[in-house]
Amino acid sequence: MPIANNGVLRAKTPTMNVSLTDALREVVDERLRSGLYGNASEYVRELIRRDEEAARQLRGLYQAGIDSGEAAPMSEEDWAVLRTVARSHAAGQV
């Protein structure tokens, strides 16, 4: 049933209860104290939106891999380049 909010009719938003550990509750409370979010629901909705976007991007990358054609074996040079890139990332250089 629609509810009135400042004269505007809106559909009632379904609710969901979530149990959190004390540590996770503290993370939520920190975000709320930061002022970036007005309440825990806003923060959780933002996390869900980000998760959906990350999943969408991953599906796109997966599909790009499928569309790229048949796989080719990695050469020793390929592995050497990959190790160099991984070490740079691990060292915070990228």
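For the stretch 30-69, what are the residues that are in a loop (DSSP other than H, G, I, E, B) and open to solvent by 70 Å² or more (accessible area, probe 1.4 Å)? Scanning the stretch 30-69 gives Leu36, Ser68. For the stretch 37-86, filtering for residues that are over 16 Å from the mean Cα position of the chain (by Cα) and more than 30 Å from Thr15 (Cβ to Cβ) leaves 25. For the stretch 13-29, a residue qualifies if it is surrounded by 10 or more Cβ atoms within 10 Å (Cβ to Cβ) and not in a loop (DSSP other than H, G, I, E, B), and the qualifying residues are Leu24, Arg25, Glu26, Val27, Val28, Asp29. Sub-7 Å Cβ pairs linking a first residue in the stretch 23-46 that is among the aromatic types (Phe, Trp, Tyr) to a second residue that is open to solvent by 70 Å² or more (accessible area, probe 1.4 Å), at least 6 apart or interchain, are Tyr37/Arg31; Tyr43/Arg31, ordered by first then second residue.
Among the residues of the stretch 82-94, are any open to solvent by 90 Å² or more (accessible area, probe 1.4 Å) and touching a Ser or Thr at 6+ places or on another chain (Cβ under 6 Å)? Yes, because at least one residue in the stretch 82-94 is open to solvent by 90 Å² or more (accessible area, probe 1.4 Å) and touching a Ser or Thr at 6+ places or on another chain (Cβ under 6 Å).
The values are calculated or read from the model by the stated rules, or taken from the named source; none is laboratory data. The model shown is predicted, which means the values in this text are computed figures rather than measured ones. Cβ atoms come from the backbone with ideal geometry, glycine included; neighbour counts cover every protein chain shown. These area figures cover heavy atoms from the full protein model, side chains too; ligands, DNA and RNA do not enter into them. Shrake-Rupley method; radii C 1.70, N 1.55, O 1.52, S 1.80 Å.
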